[in-house]
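The values are calculated or read from the model by the stated rules, or taken from the named source; none is laboratory data. Just so we're clear, the structure is a prediction, and the values are computed from it rather than from any experiment. All Cβ positions, glycine included, derive from the backbone under ideal geometry; neighbour counts span all protein chains shown. Only protein heavy atoms, including side chains, enter the accessible area calculation; ligands, DNA and RNA are left aside. Shrake-Rupley method; radii C 1.70, N 1.55, O 1.52, S 1.80 Å.
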Amino acid sequence: MELQTALSTLLMPPFAPLVGLLVALALWFFPASSLVAKLSLPLAILCGLTLWVCATPAFSDWLGRQLLAQTPTAPSVEPTAVVILGGGRYRDADTGAERLSLTSLDRVTWAVTNAPKELPILVSGGRVYKDEKASEAGLMADVLEKLFSRPVTWRENCSRTTAENAANSAALLHDSGVESVILVTHWWHMPRAAEVFARAGIQVRPMPVGSPGELLPRSQSGVLRWLPSAGALLRTQVYWRELLGDFWYRWHPLPEKRNC
């Protein structure tokens with residue numbers, strides 16, 4: 001998983017533009033009359049502008065809306081279960097104590113608030129890294145049962161990626177005769193998640209958490225939409241990662257059910 005994360009980072013801002021700037025600096029040391037040296041300034045300008053644009057609220061908002069447009073329409077079949085996808089955890093480096101990240105907790109509370117209460121719940125998410133103790137599914141189930149008094153019917157504890165979420169969850173659901181579900185995950189993750197669940201043979205009614213507009217503060221309107229900010233750059237990175245992940249999944253078969 002570390003290798004996969006590293007490879008995706010290489011293709012996303014800010015890493016890619018920063019590498020381009022370093023290359024431009026290296027080219028500048030070549031003899032001034034050489035073609036290589038003459039490429040240094042255009043390359044530096046291109047990478048600098050790319051980094052600037054990627055860090056603007058205007059671009060991150062536009063990219064997010066392109067991603068949102070890929071969300072599939074809901075099928076006419078009535079769902080018979082709710083699936084909540086894990087979105088990470090917090091882990092104390094000293095004590096090893098673990099709890100749900102804000103992303104995961106947001107999905108759990110969204111499902112409790114908006115999903116039909118009579119439908120059974122499946123939580124999906126395993127241990128992504130070897131030093132993690134509890135599965136994300138276990139952490140989500142504890143919150144659902146202890147804080148919200150909502151029983152969890154299935155715990156899919158072994159998946160590490162969205163594709164494994166789909167493959168493992170589909171195996172559990174098919175064994176119980178479930179073919180259509182309400183899928184709960186964030187709106188920016190929904191297009192990729194819904195598509196891969198459909199490929200696994202599960203009909204999906206999306207129940208996305210949030211929307212692009214809520215992530216654009218009122219203070220970032222007008223000319224401020226074109227000024228770089230750390231928040232906008234982070235959103236661009238998240239959306240770009242989803243687009244890369246969707247492209248990867250389209251060209252690769254679903255994984256087999258993962259056991260742990």
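Scan the range 98-123 for residues that are assigned to a loop (DSSP other than H, G, I, E, B), among the hydrophobic types (A, V, I, L, M, F, W, C) and either open to solvent by 10 Å² or more (accessible area, probe 1.4 Å) or in contact with a Pro (Cβ under 6 Å, 6 or more places away or on another chain) (or both) and the total you get is 1. Every condition in (1) modelled with pLDDT of 95 or more; (2) open to solvent by 20 Å² or more (accessible area, probe 1.4 Å); (3) under 13 Å from PHE197 (Cα atoms) holds for ARG155 except the one numbered (3).
Taking the range 66-97 as the search range and keeping residues that are over 17 Å from the mean Cα position of the chain (by Cα) and open to solvent by less than 30 Å² (accessible area, probe 1.4 Å), which one is farthest from ALA111 (Cα to Cα)? In this case the residue turns out to be GLY96.
Rundown of residues vs (1) at pLDDT 95 or above; (2) in contact with a Leu (Cβ under 8 Å, 6 or more places away or on another chain); (3) assigned to a strand (DSSP E or B), yes/no style:
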position	(1), (2), (3)
LEU3	no, no, no
LEU7	no, no, no
ALA16	no, yes, no
GLY20	no, yes, no
ALA26	no, no, no
PHE30	no, no, no
LEU46	yes, no, no
LEU49	yes, no, no
GLU78	no, no, no
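This table checks each residue for (1) within 17 Å of the chain's Cα centre (by Cα); (2) of a type in the set (Ser, Thr, Tyr).
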| position | (1), (2) |
| --- | --- |
| SER104 | yes, yes |
| ARG107 | yes, no |
| TRP110 | yes, no |
| LEU122 | no, no |
| ASP131 | no, no |
| GLU136 | yes, no |
| THR161 | yes, yes |
| LEU172 | no, no |
| ASP175 | no, no |
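With small (Gly, Ala, Ser), open to solvent by less than 50 Å² (accessible area, probe 1.4 Å) and modelled with pLDDT under 95 as the only criterion, which of ALA194, ALA134 stands out? Result: ALA134 is the single residue among ALA194, ALA134 that is small (Gly, Ala, Ser), open to solvent by less than 50 Å² (accessible area, probe 1.4 Å) and modelled with pLDDT under 95. Considered as a group, the residues in the range 56-65 that are in contact (Cβ under 8 Å) with a residue 60 or more places away in the chain and part of a helix (DSSP H, G or I) include one that is farthest from the chain's Cα centre (by Cα), and that residue is ALA58. Each residue in the range 170-197 was checked for being small (Gly, Ala, Ser), part of a helix (DSSP H, G or I) and touching a strand residue (DSSP E or B) at 6+ places or on another chain (Cβ under 6 Å), and 2 of them qualify.
Every residue, every condition in (1) modelled with pLDDT of 90 or more; (2) on the phi < 0 side of the Ramachandran plot; (3) more than 21 Å from the chain's Cα centre (by Cα); (4) of a type in the set (A, V, I, L, M, F, W, C), yes or no:
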position: SER219; (1), (2), (3), (4): no, yes, yes, no
position: ARG225; (1), (2), (3), (4): no, yes, yes, no
position: GLY231; (1), (2), (3), (4): no, yes, no, no
position: LEU234; (1), (2), (3), (4): yes, yes, no, yes
position: GLN237; (1), (2), (3), (4): yes, yes, no, no
position: GLU242; (1), (2), (3), (4): yes, yes, no, no
position: GLY245; (1), (2), (3), (4): no, yes, no, no
position: HIS252; (1), (2), (3), (4): no, yes, no, no
position: CYS260; (1), (2), (3), (4): no, yes, yes, yes
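With respect to being more than 30 Å from PRO120 (Cβ to Cβ) and not basic (Lys, Arg), GLN203 falls outside the description.
Checked against (1) in contact with a Phe, Trp or Tyr (Cβ under 6 Å, 6 or more places away or on another chain); (2) in a loop (DSSP other than H, G, I, E, B); (3) open to solvent by less than 30 Å² (accessible area, probe 1.4 Å), PRO228 meets all criteria but (3).
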